[in-house]
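Notes follow the structure.
Bear in mind that the values in this text are calculations on the coordinates, not laboratory data. These figures come from a predicted structure and were not determined experimentally. Don't worry about glycine lacking a Cβ; one is built from the backbone with ideal geometry, like all the others, and counts go over all protein chains shown.
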Amino acid sequence: QVQLVESGGGLVQAGDSLRLSCAASGRTLSSYAMGWFRQPPGKEREAVAAISWSGGITYYSDSVRGRFTISRDNAKNTVYLQMNSLKPEDTAVYYCAAAAPSGWYWKGPYDYWGQGTQVTVSS
């Protein structure tokens with residue numbers, strides 16, 4: 001079992017930056033590919049970014065590419081999502097997720113999920 005806890009969300013203004021963290025316990029994250037998802041109010045959850053177990057491969061949705069950066073520190077059992085140039089449409093609950101690397105597709109499915117952290121971007 002892997003327990004994931006997100007942190008770093010908050011209320012910011014358009015153009016600001018935030019860094020989300022996803023800390024894991026139970027097992028080492030180095031065995032898992034990791035993803036960040038978000039669910040805007042009234043909408044379905046969508047994939048935002050993902051990173052391979054080694055960190056060598058990353059994926060981004062078109063809406064965040066060039067503004068968001070996913071990274072991982074396996075020694076700290078933590079994955080990050082650096083979000084720059086935030087827009088009001090980035091407002092959502094952000095979730096991190098872990099997937100066994102075998103047969104991994106960056107948009108899912110994932111095996112473990114965190115509880116989410118709220119990001120609100122005001123205009």
Of the beta bridges DSSP finds with both residues in the chain, what % are antiparallel, to the nearest 5?
90 percent
Once R0 is set to 22 Å, what does the formula 1/(1 + (r/R0)^6) return for the Cβ-Cβ distance between Gln13 and Glu44, expressed as a FRET efficiency to the nearest 0.05?
0.25
Could you calculate, for the chain, the ratio of the Cα radius of gyration to the Kirkwood radius, expressed as Rg to Rh?
0.94
Output ordering of 78-86, 32-40 (per-residue mean of other Cβ within 10 Å, highest first) is 32-40, 78-86
Cα-based reach from Lys43 at 20 Å (exclusive), listing lysines while leaving out same-chain residues under 8 positions away:
Lys87, Lys107
Cα→Cβ-extended label distance, 7 Å offset, between Arg27 and Lys107, nm
2.5 nm
Between Ser122 and Asp73, what is the spin-label point distance in nm, taking each point 7 Å from the Cα along the Cα→C-beta axis?
3.1 nm
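Using mean Cβ contacts within 10 Å as the protection proxy, how do 53-62, 92-101 order, highest first? List each step's numbers first, then the result.
Values: 53-62: 13.7, 92-101: 20.9.
Final packing ranking: 92-101, 53-62.
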